Amino acid sequence: MTLEVGVLGYRFMGKAHANAMARLPMFFPDAPAIERSVLVGRDEAALEDAAERLGFDSIATDWRDVVADVDVFYNLGPNHVHAEPSIAALEAGTPVFCEKPLAPTLDDAEAMAAAAREAGDDVPAGCAFNYRFVPAIQYAKTLLEAGDLGEIHHVRGRYLQDWLVDPDAPWSWRNDEEMAGSGALGDLGAHTVDLLRYLVGDDDLAGAIERVSGHLETFVEERPVEDAGEGGDPETRPVTVDDAYTAQLAFANGAMGTLEGSRFATGHKNDHTIEIHGSSGSLRFSLERLNELEVLRAGDRGYETILVTDADDPYVDHWWPPGHVLGWEHTFVHENYEFLSAVADGESFAPSFADGLAAQRVLDAIERSDQRGEWVALE
């Protein structure tokens, strides 16, 4: 059976996922056969161009005409269009893969997760936390589950970028609360929260995140609008989301955590760093060196840098000889392989909408903590 795939969105994430779909039959021959059937957006001319470049058979300007007629629906649009099309697809029995954060608000995320529960496990609903599928992260997960780090004491996660440092950088939907929900908190923090839940959220490690204390900051209050017209000062729009955030976490088993995310960290392009310290060892990971994992075990005098590119490392046997490193785009191939395989087999998929909701609850608590100036407990 060939799965007909409909995709909403054709810019950054649309390109990333379309590239992944195109690579699957070449490198993952056991992946289900798919057809990039229809690409969905509002601008018909731009859609036609994108469909030709990204390998889609047809276009549609209304997702309502698509969600019930395809075998799989990818929602890669801006955050504010995650909820309604995804829920409609699930109600039609169509599996959904939605980009992160799951929704701009906790209420929307709750509704999406409820729709996924009602659809059942044989209708997979996945949230696109692609960094779970970095081989080095999966290797780190095996070390933690094996108890190599012992009792978890400290968990640190930071995600730093600098693409908004220039105050004249143009306004986009990512700067608007109605469309994005939040700024660096949702855009970057969602990834970090999900990775920490994935790595140490088990009951025999750090456990669940129970309390948070958050601080959000906006450094530039308004930004120019591109192509705003000729003559005079350029039109500007207000920035209604955070440019940076920090947070402290308290885990169920007593571990302490810190989070940081910024789109104003000069000199950092896509620096997602995870550090975990236990009673018997520690590990460090940076997305900017995503083929490497730094590990310290009991008795070591310092960290060992492990190149996670051997054939027996997760997913690596599908690619190149040992030492021939993978890149950012490969994480999308891995997650598409796992999600589409789950669809073909009628099985559940993780990270699911429930995982997206769990991350959203942490983000919401951090935002409420900043507003109140106090620690906030998660339900």
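The values are calculated or read from the model by the stated rules, or taken from the named source; none is laboratory data. These numbers come from a predicted model, not from an experiment. As a convention, Cβ positions derive from the backbone with ideal geometry for all residues, glycine included, and neighbour counts pool all protein chains shown. Keep in mind that these areas ignore ligands, DNA and RNA; they rest on the heavy atoms of the full protein, side chains included. Shrake-Rupley method; radii C 1.70, N 1.55, O 1.52, S 1.80 Å.
Some points to look at:
- Comparison of Asp187, Asp242, Asp194 shows that the only residue that is touching a Cys at 6+ places or on another chain (Cβ under 9 Å) and surrounded by 17 or more Cβ atoms within 10 Å (Cβ to Cβ) is Asp194.
- Among residues of the stretch 328-353 that are under 13 Å from Pro32 (Cα atoms) and open to solvent by 30 Å² or more (accessible area, probe 1.4 Å), those with a Cβ under 9 angstrom from a residue that is modelled with pLDDT of 95 or more and part of a helix (DSSP H, G or I), sequence gap 6+ or separate chain, pair up as Tyr337/Ala20; Tyr337/Leu24; Tyr337/Phe27; Tyr337/Phe133; Tyr337/His318; Glu338/Phe133.
- Candidate set: the stretch 183-207, residues that are among the acidic types (Asp, Glu) and part of a loop (DSSP other than H, G, I, E, B); chosen: the one farthest from Glu145 (Cα to Cα): Asp203
- One residue stands out in the stretch 272-293 among those that are small (Gly, Ala, Ser) and within 14 Å of Glu151 (Cα to Cα): the one that is surrounded by the fewest Cβ atoms within 10 Å (Cβ to Cβ), namely Ser279.
- Residue check for Glu210: more than 18 Å from the chain's Cα centre (by Cα) and part of a helix (DSSP H, G or I): no
- Within the stretch 254-271, tally of residues that are surrounded by 17 or more Cβ atoms within 10 Å (Cβ to Cβ) and part of a loop (DSSP other than H, G, I, E, B): 5
- Qualifying residue in the stretch 361-368 (condition: closer than 30 Å to Val212 by Cα, exposed (fewer than 15 other Cβ atoms within 10 Å of the Cβ), at pLDDT 95 or above and not hydroxyl-bearing (Ser, Thr, Tyr)): yes
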